[in-house]
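Asks: Dropping the structure in here first, questions after.
Read the figures in this text as sums done on the coordinates, not as results from a lab. Since this is a predicted model, take the numbers as computed values, not measurements. With ideal geometry, Cβ positions are generated from the backbone for all residues, glycine too; neighbour counts draw on all protein chains shown.
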Amino acid sequence: MPNNNRGQSEKLVRHILKLSEDIFRSIRLVIPPEWLASDMTVAQLRVLLLLYSEGPNRMGSIASAIGTTLSTTTGTVDILVKKGLVVRGDDPEDRRLVICDLSPQGQEIINLMWVLGQQQMEKLLQGLSLEELKKSDEVAEILLRNVTSSANPA
């Protein structure tokens, strides 16, 4: 990519990110009151999100992915197990290894987060004209194509 195009691209990316930040600040986030009263830590939420996105995982892999020690991760997972949000099982290939996964209750919490995100996206799209919705749809398709092609290089 020629330097001029690269510079223009970088400037546009920064502008889009700034607009995204402005949009985020302008939207009234709807946070369920029980979340505000929750005793869940950021580390616990990171484990739940990791298990949601990557599926069942070994303790060592979780620790590596979230950047904590094995003992810290084990403590975090212990608490999530006590809360009923994570279940532990044996690795069928090596029973010495522990596999962690979301429990149905843990899955429900992550699904609720997804629904709240969808509701925020609906707020963003409400009031747009048909033409603006078509443009938004086109941009969403372009972004999806970019993400999927980046994830699966030819």
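Asks: Based on the mean of other beta carbon atoms within 10 Å per residue, what is the order of 110-123, 61-74, most packed first?
Replies: Ranked from most to least packed, the peptides come out as 61-74, 110-123.
Asks: In deg cm²/dmol, rounded to 500, what helix-only [θ] at 222 nm does the chain give when every DSSP H run of at least 4 residues adds -39500 (n - 2.57) and the total is split over its residues?
Replies: The helix-only estimate for the chain comes to -22500 deg cm²/dmol at 222 nm.
Asks: From Cα pairs below 8 angstrom and at least 6 apart in sequence, can you work out the relative contact order of the chain, rounded to a whole percent?
Replies: Computed value for the chain: 18 percent relative contact order.
Asks: Also, quick follow-up: Could you count how many Lys pairs in the chain have their Cα atoms under 24 Å apart, skipping same-chain pairs fewer than 8 positions apart?
Replies: Final tally of qualifying lysine pairs is 6.
Asks: Sticking with this structure for a sec: Rounded to two decimals, what ratio of Rg to Rh does the chain give with C-alpha atoms and a Kirkwood Rh?
Replies: Numbers: Rg = 20.2 Å, Rh = 18.9 Å.
Radius of gyration over Kirkwood radius for the chain works out to 1.06.
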